[in-house]
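**Student:** Could you have a look at this structure, given as structure tokens, before my questions?
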Amino acid sequence: ILILSGSDPNHPGFSNITRNIQSTLRERLGIRVELRYELQQGLTDPPNSPADDEELIAYLKRKYNDKHIDLVLVMVAPRFRQLVQKDRGLFQNVPKIFYEFDSERDDTNRILGPDITGVWAALDLYKTLDLALALQPDTRKVVVVSGNGPEDKLKRERAQLEFRKYESKAEFSYL
């Protein structure tokens, strides 16, 4: 299994997911499962030039052309959609599974071809906060950290709306 990502596979959430995938496959199939990781910032960031996508496609083809890959798991790699659109031969005839946020569903579904499917994750802010408060019931201060981009601003505004009902339980700071 090749895991393509723009995120560090040693991140706790990421490593939990991949460890569970590996153990589930081993238990169900009864065979050794090898995970290969390809960490590429170019899978998350927009290209600096039009040639960047072609270079990344060529690199992936060179590196994995002679390797037997049974599955490509695409996690935190939204640019992979564009790479597959530009070169349908990239990991041709190898099943591909996207693990993306629900907000990426429409864009991904538009390019779905054979051997591609997805698992959609929702960003449930209030459920996360409910769990955090249940685990730490004495919490009195909640800090919400976000970026400064347009999408980050929308997510911060959404968090502020969703967290209003909690303002009697804790003080909120948005950074």
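The values are calculated or read from the model by the stated rules, or taken from the named source; none is laboratory data. Just so it is clear, the structure is predicted and the values come from calculations on it, not from any experiment. All Cβ positions, even for glycine, are placed from backbone atoms using ideal geometry, and neighbour counts span all protein chains on display. Calculation scope for accessible area: heavy atoms of the full protein, side chains included, ligands and nucleic acids excluded. Shrake-Rupley method; radii C 1.70, N 1.55, O 1.52, S 1.80 Å.
**Student:** When you look at residue 104, is it at pLDDT below 90, open to solvent by less than 70 Å² (accessible area, probe 1.4 Å) and in a helix (DSSP H, G or I), yes or no? If you could, list the steps in order and put the result at the bottom.
**Tutor:** Numbers: at pLDDT below 90: yes; open to solvent by less than 70 Å² (accessible area, probe 1.4 Å): yes; in a helix (DSSP H, G or I): yes.
So residue 104 passes the test.
**Student:** Return the residue satisfying two criteria in turn: it lies in the stretch 119-175 and is more than 30 Å from residue 73 (Cβ to Cβ), of a type outside the set (D, E, K, R) and open to solvent by 100 Å² or more (accessible area, probe 1.4 Å), and of such residues it is farthest from the chain's Cα centre (by Cα).
**Tutor:** 168
**Student:** Pairs please, first residue from the stretch 41-59 and closer than 13 Å to residue 77 by Cβ, second anywhere and of a type in the set (Phe, Trp, Tyr) and in a helix (DSSP H, G or I), Cβ atoms under 7 Å, 6+ apart in sequence or on different chains.
**Tutor:** Going by the 7 Å Cβ cut-off, the qualifying pairs are 43/80.
**Student:** Take the stretch 60-83 and flag every residue that is modelled with pLDDT under 85 and of a type in the set (Val, Ile, Thr).
**Tutor:** Once the filter is applied, which keeps residues that are modelled with pLDDT under 85 and of a type in the set (Val, Ile, Thr), the stretch 60-83 yields only 76.
**Student:** Can we say residue 125 is farther than 18 Å from residue 57 by Cα and modelled with pLDDT of 75 or more? Even if it seems obvious, please write down each step before you answer.
**Tutor:** Details: farther than 18 Å from residue 57 by Cα: yes; modelled with pLDDT of 75 or more: yes.
The answer is yes for residue 125.
**Student:** Determine which member of the set 43, 2 is within 17 Å of residue 96 (Cβ to Cβ), surrounded by 13 or more Cβ atoms within 10 Å (Cβ to Cβ) and in contact with an Asp or Glu (Cβ under 8 Å, 6 or more places away or on another chain).
**Tutor:** Values: 43 fails: in contact with an Asp or Glu (Cβ under 8 Å, 6 or more places away or on another chain).
Criteria check complete, one pass: 2.
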